[in-house]
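Please read the structure below before turning to the comments.
The values are calculated or read from the model by the stated rules, or taken from the named source; none is laboratory data. The structure presented is a predicted model; accordingly, all values stated were derived computationally and were not measured. In this analysis, Cβ positions are derived from the backbone assuming ideal geometry, glycine residues included, and neighbour counts consider all displayed protein chains.
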Amino acid sequence: MTRRFLVFDGDGELVGTFAEWEDAHSWAHLRSAEPANTGPVQVEDRAERRTWTVSGEQCRLTVWRRQVEYGYCAPPPPVPLPVPSAFVVPSAPPPGTVSPRPRNRLRRQVKAS
């Protein structure tokens, strides 16, 4: 027989394991009423994914959230590259710079004599 119900004290330390819910529940109430206890006692049922928080005469049930995956998403589409803009020739060079020699001017040929 497995001990399905785990009892933790206020410090989070495992203090008992029980096979039956009623045994774990009644023992948790006794433990929480002890003067040396430093916080609520918790009874965990990991098979059903539930936790009971016991403090004094009160109990609070917490049902664990189940994370379910229904498949995987497709990879994101590739990011499109920016469209190259047309190169605009500046009308004048910035001040303090040397302008390039125009390319459409005919070059003089020097003949050796």
Suppose we keep only residues that are in contact with a Cys (Cβ under 9 Å, 6 or more places away or on another chain) and among the aliphatic types (A, V, I, L, M) within the range 10-49. Which one would you say is nearest to residue 62 (Cα to Cα)? 43
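Okay, residues lined up against (1) at pLDDT 90 or above; (2) acidic (Asp, Glu); (3) farther than 24 Å from residue 2 by Cα:
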| site | (1), (2), (3) |
| --- | --- |
| 19 | yes, no, no |
| 27 | yes, no, no |
| 34 | no, yes, yes |
| 39 | no, no, yes |
| 57 | no, yes, yes |
| 70 | no, no, yes |
| 74 | no, no, yes |
Please indicate, with yes or no, whether at least one residue in the range 11-31 is touching a residue at least 12 places away in the same chain (Cβ under 8 Å), part of a loop (DSSP other than H, G, I, E, B) and surrounded by 13 or more Cβ atoms within 10 Å (Cβ to Cβ). no
